[in-house]
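Take a look at the following structure, please.
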Amino acid sequence: MTNVLILTASVGNGHNQVALNLQHKLTAANCNVNTVDFLQASSYDLNNLFCNVYQRILQYKPDFFRSICHVSENNRLNNIKYLIGKMNRHIIHRLAKKYHPDCIVCTHFFPLAAAASCKEKYHLPFKLVGIVTDYTVHPVWQIDSVDTYFLAHPSLIGQFPVDFNPACQIIPTGIPVGTEFTPVYPPTISNNILIMTSNQTQQNISCLINTAVRLPSTISVTFITGNNKQYYSQLKELSTYHKNFTVIGFTKHVAFYMKKCDLLITKPGGATLSEALAVGIPLIISSPIPGIEEANARFIETNGLGFWAHETAQLPALIKDLLHNPDKRRLIRQKMLNLKISGAAEKIQQELLGRLLKKDKVA
């Protein structure tokens, strides 16, 4: 039986969800799969530290993320990722002894750097795989000793430098989503908007609420607030006055709500975008975190998969335009479904078992 160790990092839920989606597919293919949160595997409380710092920066200094991205694009400064990898390779070494993986798959660059350093230091035989969970390949992902990268889209291959490791396979498969994220036939025409508020700042939430309360009462608005109890309470109170509001907290049925709606307003996390693309729900991108999420928004905008509200004042016009133009929604939907995102987990499973690991065993 093939042993696969999936390493994620709970900085936001997207990396964890991608890991879980792939775990389900590999387990169904008779692999022995273990998924570990790399931050929780540390002997230090890195998980709470990273999450608290992340949330505080997001609330008070979101532009700091853009500065981090610009700094890490500098070739010299980008080598910090190898230093971080060396500092944490002992965690991978311990996990490798425990799980004896034939393959380590990483859904975050942090464990990927540590696994690469561990593989080089101890000459371990496991195959190392990175699943880039955004619609861009930032230099922090580009790490020596990685055997295979799986990317969200073919256009991202060119973001690797021309002199990057020639032995590394770079395969555009899409980002794995849950099996419930499938297209609806025919698409709904319900005058219903879905707004996902995860990791939004209070300022952004206020802008979204101001937009929603000014919409005609004939438009139904569903909010999914996730684990944020403050936003849930705030919106739940508003729903007593605005009967067209429905407020959902944490739910495992995001696909159900997506399939009921004509359009989705969201921040452009890679996992959420992939779920929307798999369902075929037209997108309006609002308030991306500066840096990588802006690159995700740019991908959606450039490829005609939705619209980016660069200013919140643009939201009402964009909503009206999409709701009143079924032909435009139909065109966006078709472009989304042409990407075949819903089959990404199966493609990765086939590549891992049918090429990467099988070839190694034959050799």
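Of all residues in the stretch 27-41, which are part of a helix (DSSP H, G or I), over 21 Å from residue 92 (Cα atoms) and of a type in the set (A, V, I, L, M, F, W, C)?
Listed by number, the list holds a single entry, 28.
To continue, here is another question. Would you confirm whether or not the stretch 262-270 contains a residue that is hydrophobic (A, V, I, L, M, F, W, C), over 16 Å from residue 309 (Cβ atoms), open to solvent by less than 10 Å² (accessible area, probe 1.4 Å) and in contact with a strand residue (DSSP E or B) (Cβ under 9 Å, 6 or more places away or on another chain)? Outline the logic, then answer.
Let us first name the residues in the stretch 262-270 that are hydrophobic (A, V, I, L, M, F, W, C), namely 263-265.
If we keep only those that are over 16 Å from residue 309 (Cβ atoms) as well, we get none.
Among the residues of the stretch 262-270, not one is hydrophobic (A, V, I, L, M, F, W, C), over 16 Å from residue 309 (Cβ atoms), open to solvent by less than 10 Å² (accessible area, probe 1.4 Å) and in contact with a strand residue (DSSP E or B) (Cβ under 9 Å, 6 or more places away or on another chain), which makes the answer no.
Run down 154, 172 and say which single residue is out of contact with any helix residue (DSSP H, G or I) (no Cβ under 9 Å at 6 or more places or on another chain) and open to solvent by 20 Å² or more (accessible area, probe 1.4 Å).
Result: 154 is the single residue among 154, 172 that is out of contact with any helix residue (DSSP H, G or I) (no Cβ under 9 Å at 6 or more places or on another chain) and open to solvent by 20 Å² or more (accessible area, probe 1.4 Å).
Taking the criterion of being closer than 28 Å to residue 150 by Cβ, surrounded by 16 or more Cβ atoms within 10 Å (Cβ to Cβ), among the small types (Gly, Ala, Ser) and free of Cβ contacts under 8 Å to residues at least 60 places away in the same chain, would at least one residue in the stretch 286-303 satisfy it?
So far as the stretch 286-303 goes, yes, one or more of its residues are closer than 28 Å to residue 150 by Cβ, surrounded by 16 or more Cβ atoms within 10 Å (Cβ to Cβ), among the small types (Gly, Ala, Ser) and free of Cβ contacts under 8 Å to residues at least 60 places away in the same chain.
Say whether the condition of being among the small types (Gly, Ala, Ser), over 23 Å from residue 290 (Cα atoms), in contact (Cβ under 8 Å) with a residue 40 or more places away in the chain and surrounded by fewer than 16 Cβ atoms within 10 Å (Cβ to Cβ) is met by at least one residue in the stretch 190-210.
Yes, the stretch 190-210 has at least one match.
List pairs: first residue in the stretch 157-177 and under 24 Å from residue 20 (Cβ atoms), second residue of a type outside the set (Val, Ile, Thr) and open to solvent by 50 Å² or more (accessible area, probe 1.4 Å) anywhere in the structure, Cβ distance under 6 angstrom, at least six positions apart or on different chains.
Close Cβ pairs (under 6 Å, with a partner that is of a type outside the set (Val, Ile, Thr) and open to solvent by 50 Å² or more (accessible area, probe 1.4 Å)) amount to 172/154; 173/347.
Still on this structure, please answer the following. Say whether the condition of being open to solvent by less than 50 Å² (accessible area, probe 1.4 Å) and touching a Cys at 6+ places or on another chain (Cβ under 8 Å) is met by at least one residue in the stretch 222-231.
There is at least one residue in the stretch 222-231 that is open to solvent by less than 50 Å² (accessible area, probe 1.4 Å) and touching a Cys at 6+ places or on another chain (Cβ under 8 Å).
The values are calculated or read from the model by the stated rules, or taken from the named source; none is laboratory data. Predicted model only: the values in this text are computed from it and were never measured. So basically every Cβ, Gly included, is an ideal-geometry build from the backbone, and we count neighbours across all protein chains shown. Side chains are part of the model used for accessible areas, which takes the heavy atoms of the whole protein and leaves out ligands, DNA and RNA. Shrake-Rupley method; radii C 1.70, N 1.55, O 1.52, S 1.80 Å.
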